[in-house]
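Comments concern the structure below.
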Amino acid sequence: MRLLIIFLTLTGLTGLPGESTVRADADPEQIRAATESGQIRPLTEILNIVSKEVPGKVLAVQVDNDGSPWLYRIKVRGQKGNVKLVTVNAETGEITDIKGQR
């Protein structure tokens, strides 16, 4: 739990309960190390990229390291209330998929 709190603080996703959730399939220490080494881009940078393409409120972030590449999966509620799931290559910052209501 302490590592998750550190991860939330480092990524800027702390806030009121229910505002955002973070789920990491990788160990938070592994995520931090990958970010610090430049292997993956920081979540703040990824959120800036996503907000330009899919504006709205971030509901949840998932970090996957199931294979290559690392992925961020970000759930965003748009301005009209629609929910989209945005998949981003964590290494390049490229949005690879957007699912949900258009």
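For the range 40-88, the extents of the C-alpha atoms along the principal axes are 34, 18, 13 Å, listed from largest to smallest. Taking amide H positions as modeled 1.01 Å from N, with prolines and chain starts lacking one, the residues under 5 Å from L59 and 5 or more places away or on another chain are K75, V76, R77. Computed extension gain for A60 through E91, at 0.36 nm per residue and net of the alpha carbon distance, reaches 9.2 nm.
Legend: calculated FRET efficiency, S37 to K80, from the Cβ-Cβ distance at R0 = 25 Å, rounded to 0.05, equals 0.05.
Laboratory data are not the source of any read-out in this text; all were calculated from the coordinates shown. Everything numeric here is computed off the predicted structure, so don't read it as measured data. Because the Cβ atoms are built from the backbone with ideal geometry, glycine has one as well, and the counts that use them run over all protein chains shown.
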